[in-house]
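Nothing in this text is a laboratory measurement; each read-out follows from the coordinates by a stated rule. Keep in mind it's a predicted model, so treat the numbers as computed, not measured. Please note: Cβ atoms are built from the backbone with ideal geometry, for glycine as well, and neighbour counts cover all protein chains shown.
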């Protein structure tokens, strides 16, 4: 039985792409039928009421969710986002409808046993609706009441050995690509580094002590599948510093048309015969390759490791053996001072347990930001305000042309007194002894 | 409803409390063939749209079938995903960063059977449950935010705009015939909790009316200095006014300075922005996150405003299709949408996409604006 008429949302049930409306309806029906005879701990009809309030927004062109609300579990300052409906009389099932963020495993691999256990908790104690996954990477459980928060947390930690994720001005749940578990491009174990740093910084993740949010993301190579360079305050991007490994016979097989270029990614259109000159050599951003006499030559010293040639011929070209990662700082979306990409701070660092060098760097950067950052200022904005050179100074990194796109356009250098012979303290009488007024 | 205790004792919250344990270690969840060959993969191949082969140095092979999904997902749906993974994949699966689901099997025959099974499953309303695709030079799933489903600041809905868009570009999800991958992203306000500022095509909810000030309640629910400090353009100042015969502390907004970011509302619930006529969508294009060939780049605003037209946002999907079709017809192989626009020039981009250029599209926000103006005599007629 349909609780609310939803003529607008119903129009989103047709068309090929999976319909979230159909899915919510399916959950509503499941809860009405209640095949397991559960004593639902939040209103059984909350999916119906969610559709109802969403339909109202489709009519009104405005949201019907109230601003936040401080709710959480004891001792944590994040992981739960309070949410209340502004039409609670019409939609009592979603009057209190808080979000819980659950820490996801590195690379978002699951066993069905894990997911079924989570579904069981969320069926009894929540709305039965989720996001797989939220923008930062957490499993997001949408919709429960305040009294259920501690119960869910207790079951998650005691029965599933799993924690909540982050929210607010703290370390947000770190995220990584699938890395070495199924990718030949992975230049370091992004999943393991993500896991180890998540464990190391649990306190920073659960108890807000930062000026604003802080995100770690870990990409195994410069293709950046988890968008670390655009979306994380500290971005770890895999790279190498030796040579691309070349198998000339296999290069010849690509040239001869025996193997589809670009791992078959362009197979839906006839782009003509593979042309290594046009498709690889000419597109190399540093022009460090040539193909002559049936032999591919790479001037590795000039290579900027963009991955294009490797992507086009993945069976012939392989990432180097001396691997590690680059660390970039300060990426964020436009709020407030405009969008920022991460700025290259450590061009190359080895990624090896116990990761002491990386942790030391992180902690130096945090100490500085916690001291200097203003309320609700992302570290990228602190960098813009105080200068990139300041970051290098606090992190003890020697400035290097790799830190800039190009040198500065103005000569307004903030010299320090120590830089100048004789310092800055001068006597006007001494000056006047040489110059009349 | 009778309260069912988990075992938690509210009288003694610290008793037996487990905290700070983080997520489970990922190796608990890896399919055996992945665990065995971790860090020792040789190469991969996309055999057909949505089907990947990864070959390990050991010679082991794993076939992955990728399918799309709405990121807003019920537990009934997740249980069906589990049933599929139990039937075909020994109880293992993964999700991608773009809300796709990946099932891994040991042979091409199993992959083909799985693909057929997935493509055959439909919701009662007729849409696919698990459409296979989202690989290679095509459109993959859209990453997005909560929208009207569960957020207090949106200027549009997220799930609805995504469903409407994916229905229109669905063929490109199931094919690999574009010049390069096209990543579409959606954020329902300028906060961009699903950062869309580096996407080939970005759908962005925007407000266009300054906040309404709830003078009666503002001083009770907001810290005035925080509301003032929240404004990036300094448009908000503290003030006292007479309200219904009483002196109240409140704020005043210099409306012509408002850039409609909503940061004040984030800090102060007595300053709502949302409005049926004011709110809608901006379209941005040409961003990317990969370092391949060209550097990562930001998305650029190419359509300043499209009204909200629920439930299917036809004007918005028409614009997206126009851009995608123009790109598909004109770009070189491997050329991302932004690289194509840079090569042909933005004057050509607007011409080829049939879009109008207006003053709204010329940046006037702080220093970076200057670097987007054209300081050369190189242009096209």
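Annotations
- For B:239, B:358, A:112, the sequence from fewest to most other C-beta atoms within 10 Å is B:358, B:239, A:112.
- Part-to-part distance (alpha-carbon centres) for the stretch B:103-118 and the stretch A:274-321, which is given in Å: 34 Å
- Using equal-weight Cα scatterers in the Debye expression, the normalised intensity of the stretch B:27-70 in log10 at q = 0.15, 0.27 Å⁻¹ is -0.41, -0.97.
- Within 10 Å of each Cβ in A:66-74, the average number of Cβ atoms from other chains: 3
- Springs join every pair of Cα atoms under 10 Å in this Gaussian network model of chain A, and among A:282, A:49, A:233 the largest mean-square fluctuation is at A:282.
- Sequence-distant contacts, meaning Cα pairs under 8 Å at least 6 residues apart, place the relative contact order of chain A at 11 percent.
- Each residue of the stretch A:192-267 gets 142 Å³ once the volume of the Cα convex hull is shared out per residue.
- For the stretch B:240-381, the relative contact order works out to 16 percent when only alpha carbon pairs closer than 8 Å and six or more residues apart are counted.
- Most mobile of B:347, B:216, B:15 in a GNM of chain B (Cα contacts under 10 Å): B:15
- In plain terms, the residue of A:384, B:295, B:288 with the fewest other Cβ atoms within 10 Å comes first and the most crowded comes last, giving B:295, A:384, B:288.
- Taking a ≥ b ≥ c as the square roots of the eigenvalues of the Cα gyration tensor, the protein assembly as shown is rounded, since a/c falls below 1.5.
- Listed residues B:227, B:187, B:158, most fluctuating in chain B (Gaussian network, C-alpha, under 10 Å): B:227
- On the principal axes of its alpha carbon atoms, the stretch A:288-384 extends 61, 35, 21 Å, with the longest extent given first.
- Relative to one another, the C-alpha centroids of the stretch B:61-92 and the stretch B:270-284 are positioned 37 Å apart.
- Between the stretch B:170-220 and the stretch A:74-104, the Cα center-to-center distance that results, in Å: 23 Å
- Ratio of the Cα radius of gyration of the stretch A:346-424 to 2.2 N^0.38 Å, where N counts its residues: 1.32
- Compactness index (Cα Rg / 2.2 N^0.38 Å), the stretch B:1-139: 1.32
- Separation in nanometres of the label points that stand 7 Å from Cα toward Cβ, at residue A:417 and residue A:113: 6.8 nm
- Additional length obtainable on full extension of the chain from residue B:369 to residue B:214, 0.36 nm per residue less Cα span: 52.4 nm
- Cα→Cβ-extended label distance, 7 Å offset, between residue B:112 and residue A:437, nm: 10.0 nm
- Relative contact order of the stretch A:289-437, defined on C-alpha pairs under 8 angstrom at six or more residues apart (%): 14 percent
- Antiparallel bridge percentage (DSSP; both residues within chain A; nearest 5): 80 percent
- Sites residue A:33 and residue A:367 - FRET efficiency at Förster radius 60 Å, r taken between beta-carbons, to 0.05: 0.60
- Each residue in A:207, A:182 was given a count of other beta-carbon atoms within 10 angstrom of its own, and listing them fewest first yields A:207, A:182.
- With one equal scatterer per alpha carbon and no solvent term, the Debye-computed log10 I(q)/I(0) for the stretch A:377-422 at 0.23, 0.25, 0.26 1/Å reads -1.08, -1.18, -1.21.
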